[in-house]
1. State yes or no: is residue 302 farther than 18 Å from residue 150 by Cβ, out of contact with any strand residue (DSSP E or B) (no Cβ under 9 Å at 6 or more places or on another chain) and either assigned to a helix (DSSP H, G or I) or modelled with pLDDT of 95 or more (or both)?
2. Look at residue 129 and say whether it is touching a helix residue (DSSP H, G or I) at 6+ places or on another chain (Cβ under 8 Å), modelled with pLDDT under 95 and farther than 24 Å from residue 245 by Cα.
3. Could you grab me the full set of residues in segment 107-154 that are out of contact with any strand residue (DSSP E or B) (no Cβ under 9 Å at 6 or more places or on another chain), assigned to a helix (DSSP H, G or I) and closer than 23 Å to residue 233 by Cβ?
4. What strands (runs of 3 or more DSSP E) lie completely within segment 1-106 and have 3 or more residues being assigned by TED's automatic domain parsing to the domain that holds residue 158 and either in contact with a helix residue (DSSP H, G or I) (Cβ under 9 Å, 6 or more places away or on another chain) or crowded, with 18+ Cβ neighbours inside 10 Å (or both)?
5. Limited to segment 268-299, what total is found for residues that are under 21 Å from residue 210 (Cβ atoms) and either part of a loop (DSSP other than H, G, I, E, B) or not assigned by TED's automatic domain parsing to the domain that holds residue 94 (or both)?
6. State the number of residues belonging to segment 165-205 that are part of a loop (DSSP other than H, G, I, E, B) and within 24 Å of the chain's Cα centre (by Cα).
7. Would you pick out the residues in segment 139-182 that are free of Cβ contacts under 8 Å to residues at least 60 places away in the same chain and crowded, with 21+ Cβ neighbours inside 10 Å?
8. Please work out if residue 246 is free of Cβ contacts under 8 Å to residues at least 12 places away in the same chain, in the same structural domain as residue 276 (by TED's automatic domain parsing) and closer than 24 Å to residue 287 by Cα.
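The values are calculated or read from the model by the stated rules, or taken from the named source; none is laboratory data. As the structure is a computational prediction, the values presented were derived from the model and not from experiment. Here the Cβ is made from the backbone with ideal geometry for all residues, glycine too, and neighbour counts use every protein chain on show.
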């Protein structure tokens, strides 16, 4: 890591003292001074870490991104990709999507924390392709929360359709156009790559893969929905981690009376290593996944009338 010059370290030490004295106005002022000199400061439990500022503007937190006054990203379809590290995956996933994306669509990519330089890869790709719109947070994804980052993406989108994709999802050709005919039925709100159904025989303790047609939920590897529905029924605000939050969101959409439909044919996509699951910190991953699933059960368990198997579809 590049060593910070002495004057920057002195400012950081002054800021640490201001925080200890609860002089937060001075602390914020010193942080801005450090930033203006080309450095970022991140607090740790006992001290701080300094790093050179990246070549792009970062929003301090996701709420400021949500509340910021800026132009919307306008297209027929806006696809959100959350960049939470994994620079190689960032390049491969975004490049594959942009290569095959229809001309009336675009990508909104939100970088969380520039982990391992992934935000710099996004910045490079966005500079080369005007249909990749970049936004950067100083927070990591675990600090910002999955749901809040998705809502930031929904908030910036001025579109008919809105999609959410995981970095592990790689497009082999156009994987958007085959989904759009599903929305010709006005009561369909959500589709995607992989669907699941609630296992009612297991008292809602598990889900099973869904075939084509009506389904209970779509997994977050690749979800596509009407933007109006995404604004009406966003992911649960307490969903910090993606796992089970995609199914919770899907069930909330079904509970509002909309249909979830899986396409008849396989989409031209494949999955690389799913770092978001396999390489997340296990304790955090399991804790947050359980919280979401417990909340899902509390909200929907026993309400079998909202499921596709109820015969209402």
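1. Values: farther than 18 Å from residue 150 by Cβ: yes; out of contact with any strand residue (DSSP E or B) (no Cβ under 9 Å at 6 or more places or on another chain): yes; either assigned to a helix (DSSP H, G or I) or modelled with pLDDT of 95 or more (or both): no.
Spelling it out, it is not the case that residue 302 is farther than 18 Å from residue 150 by Cβ, out of contact with any strand residue (DSSP E or B) (no Cβ under 9 Å at 6 or more places or on another chain) and either assigned to a helix (DSSP H, G or I) or modelled with pLDDT of 95 or more (or both).
2. Details: touching a helix residue (DSSP H, G or I) at 6+ places or on another chain (Cβ under 8 Å): yes; modelled with pLDDT under 95: no; farther than 24 Å from residue 245 by Cα: yes.
No, not satisfied.
3. 147, 148, 151
4. Values: elements: 39-43, 48-52, 77-83.
Qualifying strands (runs of 3 or more DSSP E): 77-83.
5. Count: 2.
6. The first filter runs over segment 165-205 and keeps only residues part of a loop (DSSP other than H, G, I, E, B), leaving 166-168, 172-176, 185-187, 193-194, 199, 203-205.
Then keep just the ones that are within 24 Å of the chain's Cα centre (by Cα); that gives 166-168, 172-176, 193-194.
Adding up the residues that qualify gives 10.
7. Passing the criteria: only 141.
8. Details: free of Cβ contacts under 8 Å to residues at least 12 places away in the same chain: no; in the same structural domain as residue 276 (by TED's automatic domain parsing): yes; closer than 24 Å to residue 287 by Cα: yes.
When the stated conditions are applied, residue 246 does not pass them.
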